[in-house]
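The values are calculated or read from the model by the stated rules, or taken from the named source; none is laboratory data. Fair warning: this is a prediction, and the values are worked out from it, not measured in the lab. We place every Cβ from the backbone using ideal geometry, glycine too, and count neighbours over all the protein chains shown.
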């Protein structure tokens, strides 16, 4: 049994609840530990802090959205510790000028009306049908309020300063999963096709009827994909 731990890195304004379904699904074979990416304002510092608290010397690594940025940096800092990598609903490119401007506007708004920030992000995070699902929306809101506006500002600064990871991707040698919601508005499918093409042997999985937060929008499909990815790791 490949019972190494899975170290899961959440996205912007997310916490361990982003991975709650996967933790339960994988529990018989893999413990799932969630990284904290709320305390620093650079991707490099967040990755170093996550490595310092990693659940074992070697682990499988999964990151969603901002968590993918941190996961790619963990791979740069300590590739020998990662037995397999999964990148979910993320982006290997640096931030664009329009994206940076939008982030700065949200950071300014967060100082006076954090709920308005959450309300503006939610329709972009979820498939339209899931925006109408009160249980999913409440989870998104609860996670955001738990992370809070101060950490939101640090996270946005880290995201804006991230590097272009595309030149690094061909160097990844471990079993690799790239997964994306079909209707992901924030990190569209074409970005994942690009990543999968750059990484030797990467498997691309597209989750149907799903936006950006795939682990909570389509938990069964995502959990099954992660389980298959983990089962193939030659440990």
- Restrict the check to region 184-200 and report whether at least one residue is in contact with a helix residue (DSSP H, G or I) (Cβ under 6 Å, 6 or more places away or on another chain), part of a loop (DSSP other than H, G, I, E, B) and within 30 Å of residue 3 (Cβ to Cβ). yes
- Item | residue 28, sole failed condition from (1) over 15 Å from residue 162 (Cβ atoms); (2) out of contact with any strand residue (DSSP E or B) (no Cβ under 7 Å at 6 or more places or on another chain); (3) in contact (Cβ under 8 Å) with a residue 40 or more places away in the chain | (3)
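Whether any residue in region 195-203 is exposed (fewer than 14 other Cβ atoms within 10 Å of the Cβ), without any contact (Cβ under 8 Å) to a residue 12 or more places away in the chain and farther than 24 Å from residue 58 by Cα is what I want to check.
The answer is yes, given that some residue of region 195-203 is exposed (fewer than 14 other Cβ atoms within 10 Å of the Cβ), without any contact (Cβ under 8 Å) to a residue 12 or more places away in the chain and farther than 24 Å from residue 58 by Cα.
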- Task: Please state which one of 221, 173 is assigned to a helix (DSSP H, G or I) and over 17 Å from residue 118 (Cα atoms).
- Result: 221
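Which one of these is farther than 25 Å from residue 156 by Cα and either in a loop (DSSP other than H, G, I, E, B) or at pLDDT 95 or above (or both): 47, 71, 8, 27?
Result of the check over 47, 71, 8, 27: 27.
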- Query: So which residues in region 161-170 are in contact (Cβ under 8 Å) with a residue 40 or more places away in the chain and surrounded by fewer than 18 Cβ atoms within 10 Å (Cβ to Cβ)?
  - Reply: 161, 163, 164, 166, 168
- Do the conditions hold for residue 39, that is, is it over 27 Å from residue 103 (Cα atoms) and part of a loop (DSSP other than H, G, I, E, B)? no
- Query: Among 18, 106, 13, which is in contact with a strand residue (DSSP E or B) (Cβ under 9 Å, 6 or more places away or on another chain), modelled with pLDDT of 95 or more, more than 22 Å from residue 201 (Cβ to Cβ) and not in a strand (DSSP E or B)?
  - Reply: 18
- Query: Restricting attention to region 51-75, and to residues there that are surrounded by fewer than 24 Cβ atoms within 10 Å (Cβ to Cβ) and in contact with a helix residue (DSSP H, G or I) (Cβ under 8 Å, 6 or more places away or on another chain), which single residue is nearest to residue 165 (Cα to Cα)?
  - Reply: 51
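Can you pull out the residues in region 211-223 that are more than 15 Å from the chain's Cα centre (by Cα) and touching a residue at least 40 places away in the same chain (Cβ under 8 Å)? Can you show your working first?
We begin by selecting, within region 211-223, every residue more than 15 Å from the chain's Cα centre (by Cα); these are 220-221.
Matches in region 211-223: 220 only.
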- With criteria (1) without any contact (Cβ under 8 Å) to a residue 24 or more places away in the chain; (2) surrounded by fewer than 16 Cβ atoms within 10 Å (Cβ to Cβ), residue 231 comes up short on (1)
- All-but-one check, residue 141 against (1) touching a strand residue (DSSP E or B) at 6+ places or on another chain (Cβ under 6 Å); (2) closer than 24 Å to residue 100 by Cα, failing number (1)
- Message: Condition first: within 24 Å of residue 149 (Cα to Cα), without any contact (Cβ under 8 Å) to a residue 60 or more places away in the chain and in a helix (DSSP H, G or I). Can you find one or more residues in region 86-97 that meet it?
- Response: yes
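Using the structure shown, decide if residue 162 is touching a helix residue (DSSP H, G or I) at 6+ places or on another chain (Cβ under 7 Å), farther than 25 Å from residue 73 by Cβ and modelled with pLDDT of 95 or more.
Values: touching a helix residue (DSSP H, G or I) at 6+ places or on another chain (Cβ under 7 Å): yes; farther than 25 Å from residue 73 by Cβ: no; modelled with pLDDT of 95 or more: yes.
Criteria not met by residue 162.
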